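Structure, as C-alpha cells:
The values are calculated or read from the model by the stated rules, or taken from the named source; none is laboratory data. This is a predicted model, so every value here is computed, not measured. Backbone-built Cβ (ideal geometry, glycine too); neighbour counts: all protein chains shown. For the accessible areas, the whole protein counts, side chains as well, though only heavy atoms, and no ligand, DNA or RNA atoms are used. Shrake-Rupley method; radii C 1.70, N 1.55, O 1.52, S 1.80 Å.
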Amino acid sequence: MSIYTLSFQQIDKTKLAMVGGKGANLGELSRIEGLQVPNGFCITTEAFKKMIGNSETINLLLDQLATLKADDRKAISEISAKIRKSVEETAIPKDIENEIILHLQQFGETHAYAIRSSATAEDLPIASFAGQQDTFLNIIGREAILKHISKCWASLYTDRAVIYRLQNGFDHYEVSISVVIQKMIFPEVAGIMFTADPVNGNRKVVSIDASFGLGEALVSGLVNADNYKVREGNIIGKKISTKKLSVSALIEGGTKEEEIVQDQQNIQSLMDEEILELERIGRKIEAHFCQPQDIEWCFADDTFYIVQSRPITTLFPVPEPDDEQPHVYVSVGHQQMMTDAFNPLGLSIWMLTTRAHMRTAGGRLFVDITPMLASPVGRETLVNVTLGKSDPLIKDALTTIIAREDFMKSLPGYEKETAPDKSNNDVLSRNYQTLNEYSSGVADQIVSGLIRSNQISLAALKENIQTKSGSDLFDFILHDIEELKKIMAEPQSFGVIMTGMNASSWINEKMSEWLGEKNAADTLAQSAPNNITSEMGLALLDVADIIRGFPEVVEFLERLKVRDRAEWLKVNGNCTENTSSSSRSEHTFLHELPGFRGGKESQAAIVAFLDKYGMRCAGEIDITKTRWSENPLTLVPIILGNIKNFEPGESKRKFEKGKQEALKMEQDLLHRLRQLPDGEEKAIETKQKIDLIRSCAGYREYPKYGMISRYFLYKQALLIEAKRLVEKGVIYEEEDIYYLNFEELREAVRTNNIDNELIGNRKEEFKTFEKLTPPRVITSEGEIITGAYKRENLPANAIVGLAVSSGVIEGRARVILNMENAKLEDGDILITKFTDPSWTPLFVSIKGLVTEVGGLMTHGAVIAREYGLPAVFGVENATTLIKDGQIIRVNGTDGFVEIL
C-alpha cells in the first residue's frame, strides 16, 4: 500500500491522519451497501509533508504564523499569502506525481474530476471546519489536475482557515492536508441534506435543500434552494423557492453560471418520491456514523450520488431518557444563572444533591418536567406559578408545547384539562408552612434559628471531614449530602422564602391596583437584613477601606494585578479554569503582604473576608470551579476598583441609603392608602406584608450559601485524595479528578487505578461542550423550543427583556464576560451573560444591570433589588447587541433597554 495515494476502497476512519476528515468519510461512505459514491482516491498527508518538509521558506513563515492571534488579521493575511504562493510554486515530488498519474490512468485521464481539500482538522465529530479549504470542480487533464492539487494544498493557509484554527485551538504545525480526487457527476439537481433539523435540532426531522445544477452554487449561497422537511417517511413541509440561477459544467473544464428559464424557476426540483428516497439514504448514512450528518448529494440519471458527509457539530446534545416516550426538559443553568459547562465531578455532585428528576447533556443539567406537563395542575403550576412566572421565555416555550395537541397526547400519563382544583395548586405539590399568619417578629426568630442551625451544622462538618480519608471519606460525603438535602428541604426554610415571595407579589399586585404603583416591592426589599450575598459586596468595600490607608500595599496590588495576572493567564489561559496553580498566586499575594507597611492589617482583612466568603466563585454550583480562597488574586481588581471609585465608609452609606429608600416607600404607600375608601384596613394589611418582606426577603440567599460552603469542604477533602493519587502516579495532576464522576473517583481511590485515556477524552469533550449554548427548553427529540416576549407599546428599537428590578437609568455600557476582567467605574451599567452570587462585589460599582439569562427570583435579580439597581434580565444576545462603551437606557420597571 502506498503512503502517498490511497483509493477510497483502501480508506476507513482509521486513516484520518493520512487522508483528513473528508477523505476518511468518503472511504466510510464507499463501504455502505447500496450507496452510490463517485469513485476516486486521496493524495495523503504524507505527500503534503514531503512536499513542504524541505522548504526552508515555508517553515520560516509557519514560525511567524504561530506567534499570531486570531485578531491579528492584517499580519495573518500577509503571511498566509506568502505561504500559499510558496506552496503553489513548489514542484510536486516526482515519485508522488507518478502515483497520481497512475490512478488517473486507471480512472481515465480525460474524465472530469472534483478536486477537494481534506484537512486533518476537518469534518471531525467535534469541529466541522466546513468550507475552510478550497474545492475545484470539473477539472480536466493531467496538468490542470496537478496544478489544482497544489492549489488545494495552499488552501490550508487561506486567511479564513488560519483564523478558524486559531479560534478553535488547532496548531498550524499539527494540522496537515490531503487532497481528494473524485470523479465528477453532472447532476440535474443537487443539494444538502441534514439528518437533524439544523434550525431547532429535532433529530426526527430531515431537512433537504435542493436546486438545479451543481450543488456548489447552493453551498456558496449563490442560489435560492427549495427546502423539504421529512419526518419518519412523511413530508411535513415544503418551501419552493424561485431559482433564477444554476451552475453547470463547461465542456473544456471549469464551471459557469446560467439563468434558469422563467417557467422552470418555481417548479419543485425533486419529486415527492425522490425526497422520500433521499431521506432513507440520509438515515442509512446517519446510522453508519452513529450521529446526525450534513450530507452533500447530487441527482443524475435517476440516481442519487453522495459526494460528502460530515457530522453536524452545532447540535446541542439530547438528554437521555429512561424510555422511548417523549420528554420535555428545562435548563437548570438558566434558573441558577450559570449556563457554562460543568465538569463530570461537578455534575455528579449536583446530581447527588438535588431531589429533582434531572438529566445531563452537553455538560449541563436539565430537569425532566414531563410528569408535570402531563397533569392539568402541573401545567398550570409550571406556566403560571414557577417557571413561567420567573422567565417569560420559558413560559412562551412551554405554551408552544402545550398547544401541540398530538405531542401532548403522546406524553406518558397525559390527562386532559379539567376544572382547576385550587386546593391542589401548591407550588411543588407539598405542604410547606408559610408565615403569613405570624408577625414579622416571629418570622425574624425563625430566620435567626435557621441561620444558627446551618452554622452549627457547617462547623461540625468542617471538624469531622478532616478526620476522613480513602473510602471512608466518600462514605462520609454521601452521608453529609443526605444531611444537606434535609437542610435544603426544611419546610420552615422553604416557608420563609415563599412567604417573602408571596408578600412581594401581593404588594406589587395590590399597589398597582390601588395606587397605580409598579413593582413597589423592589424598593421595599432594599437593604433587607440577613442577605448573606449583598452583605458580601459591602464587606469587600470594608476591605478596601482598610487597604486604602496604606499606599505601599495599594501600589503592590496595582503591580500584582498586572504582573501575576499576566503570569497566571500565561499558565492557565482563563482565570475561571480549574487549576491548583492558583495556590501560587495565593502565596505571592497574601504571603508577601506583611513585607509592606500596613501589610499585616491588609492581609488580616482579606483573610477574614475569605474565611466567610472564600468558598464563592463564578459558576460556584460546579464544585470543580476555582474558589476565591484558591485564587484570591481574583479579588484584587475589585478591591482596587473600590478604592478608586469610593470614599471611605461607602458600605455603611449604601446600606443606610437602601434602608431609607425602603422606609420612604413604605411611608408613602401607607399615607396614600389611608386616603382611599377602607384605607385604614388596606394600610394595616399592607404594613403586615411589608414587614414580612423585610423579615424574609434577605434569607432567600442563605440556603445556597450554606450549600456552597459544604461543597468547598468536600472539594478540599477530595483534592487531598487527588494529591495522593498524583504521588502514587495514578493520575498526572490533581485536577484530573474533575473529569471523573463521584463513583469513578471513589473507585480510583480504592484501587489506585484509573483509565487516563478516559480522562483525556473527557477533557476534549469538555472543550466541545464549552462552545455550546444550552437551550432553555429541549425535547427528547432534540428539538429546541424557543420563546419570545409578547410585548406591545415599546419604544422603537427597544431591546426587550424581563423587568426584575425597578427604575430607569442611563449610563455607559460595560460588556463583561468574565468578572476577573472587569474594569468598572462608579455609575457604569454592567452587561453580561449571567451573574451568580460571586458577581455581587461588582454590583456596588454599577448603577444598572442587563443579563442574557435570569428570572425574577434568580440571585442577580434579588441582589439588584436589594441594592436598588434597575435591572433587565433575559435579554437574548445582549452582549453582542450592546457594544462596550455605548450610552444606554435601562428600564427596569417595564423591562427593556434602549441604545441612545
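Descriptive notes on the structure:
- Within the range 827-877, being modelled with pLDDT under 90 and either in contact with a Cys (Cβ under 9 Å, 6 or more places away or on another chain) or of a type in the set (Asp, Glu) (or both) holds for ASP836, SER838, GLU866.
- In the range 67-90, of all residues being open to solvent by less than 80 Å² (accessible area, probe 1.4 Å) and assigned to a loop (DSSP other than H, G, I, E, B), the one that is farthest from ASP159 (Cα to Cα) corresponds to THR90.
- Within the range 91-136, considering residues that are assigned to a loop (DSSP other than H, G, I, E, B) and polar (S, T, N, Q), the one modelled with the lowest pLDDT: SER128
- For beta carbons closer than 6 Å, sequence separation of 6+ or different chains, a first residue in the range 186-202 that is farther than 21 Å from SER248 by Cβ and among the polar types (S, T, N, Q) and a second that is open to solvent by 10 Å² or more (accessible area, probe 1.4 Å) and in a loop (DSSP other than H, G, I, E, B), the qualifying pairs are THR195/PRO292; ASN200/GLU783; ASN202/GLU781; ASN202/GLU783.
- Selected residue [open to solvent by 50 Å² or more (accessible area, probe 1.4 Å), in contact (Cβ under 8 Å) with a residue 12 or more places away in the chain and at negative phi] from GLU273, GLU277, GLU286: GLU277
- Of everything listed in (1) surrounded by fewer than 19 Cβ atoms within 10 Å (Cβ to Cβ); (2) among the aliphatic types (A, V, I, L, M); (3) over 25 Å from CYS617 (Cα atoms), the single unmet condition for ILE754 is (1).
- Residue match in the range 656-665 (condition: open to solvent by less than 50 Å² (accessible area, probe 1.4 Å), in contact with a Leu (Cβ under 6 Å, 6 or more places away or on another chain) and under 30 Å from VAL844 (Cα atoms)): yes
Yes or no, residue by residue, for (1) modelled with pLDDT of 95 or more; (2) within 30 Å of PHE316 (Cα to Cα); (3) touching an Asp or Glu at 6+ places or on another chain (Cβ under 9 Å):
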residue: MET184; (1), (2), (3): no, no, no
residue: GLU188; (1), (2), (3): no, no, yes
residue: ASN202; (1), (2), (3): yes, yes, yes
residue: GLY213; (1), (2), (3): no, no, yes
residue: ILE236; (1), (2), (3): yes, yes, no
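- Extreme residue, surrounded by the fewest Cβ atoms within 10 Å (Cβ to Cβ), among residues of the range 1-33 that are touching a residue at least 40 places away in the same chain (Cβ under 8 Å), among the β-branched types (Val, Ile, Thr) and in a loop (DSSP other than H, G, I, E, B): ILE3
- Residues of the range 685-714 satisfying the condition of being in contact with a helix residue (DSSP H, G or I) (Cβ under 8 Å, 6 or more places away or on another chain), of a type in the set (Phe, Trp, Tyr) and open to solvent by 20 Å² or more (accessible area, probe 1.4 Å): TYR705
- Scanning the range 804-822 for residues that are open to solvent by less than 40 Å² (accessible area, probe 1.4 Å) and under 15 Å from ASN645 (Cβ atoms) yields GLY811, ALA822.
- Residue among GLY855, GLY848, GLY860 that is open to solvent by less than 20 Å² (accessible area, probe 1.4 Å) and either part of a loop (DSSP other than H, G, I, E, B) or hydroxyl-bearing (Ser, Thr, Tyr) (or both): GLY855
- Residue list for the range 335-352, restricted to those being open to solvent by less than 10 Å² (accessible area, probe 1.4 Å), touching an Asp or Glu at 6+ places or on another chain (Cβ under 8 Å) and outside any loop (DSSP other than H, G, I, E, B): GLY346
- Number of the exception - LEU676 against (1) crowded, with 16+ Cβ neighbours inside 10 Å; (2) over 30 Å from ARG452 (Cβ atoms); (3) in contact with a Phe, Trp or Tyr (Cβ under 7 Å, 6 or more places away or on another chain): (1)
- Flag not set for ALA722, criterion: buried (at least 22 other Cβ atoms within 10 Å of the Cβ), part of a helix (DSSP H, G or I) and at pLDDT below 95.
- Unmet criterion (only one of (1) surrounded by fewer than 16 Cβ atoms within 10 Å (Cβ to Cβ); (2) in contact with a Leu (Cβ under 7 Å, 6 or more places away or on another chain)) for GLN64: (2)
- Looking across GLY801, GLY782, one residue alone is farther than 28 Å from ALA618 by Cα and under 28 Å from the mean Cα position of the chain (by Cα). It is GLY782.
- Within the range 278-300, the set of residues being part of a strand (DSSP E or B), touching a Pro at 6+ places or on another chain (Cβ under 8 Å) and closer than 17 Å to LYS229 by Cα comprises GLN293, ASP294.
- Condition met for GLY885 (open to solvent by less than 10 Å² (accessible area, probe 1.4 Å), small (Gly, Ala, Ser) and either more than 26 Å from ASN531 (Cβ to Cβ) or in contact (Cβ under 8 Å) with a residue 40 or more places away in the chain (or both)): no
- Of everything listed in (1) assigned to a loop (DSSP other than H, G, I, E, B); (2) farther than 24 Å from PHE316 by Cα; (3) in contact (Cβ under 8 Å) with a residue 40 or more places away in the chain, the single unmet condition for THR242 is (3).
Here is a yes/no grid of residues against (1) acidic (Asp, Glu); (2) modelled with pLDDT of 95 or more; (3) more than 33 Å from the chain's Cα centre (by Cα):
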position: PHE474; (1), (2), (3): no, yes, no
position: LEU478; (1), (2), (3): no, yes, no
position: GLU482; (1), (2), (3): yes, yes, no
position: GLU490; (1), (2), (3): yes, no, no
position: ASN508; (1), (2), (3): no, no, yes
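- GLU252 satisfies every condition listed in (1) surrounded by fewer than 11 Cβ atoms within 10 Å (Cβ to Cβ); (2) modelled with pLDDT of 90 or more; (3) part of a loop (DSSP other than H, G, I, E, B) except (2).
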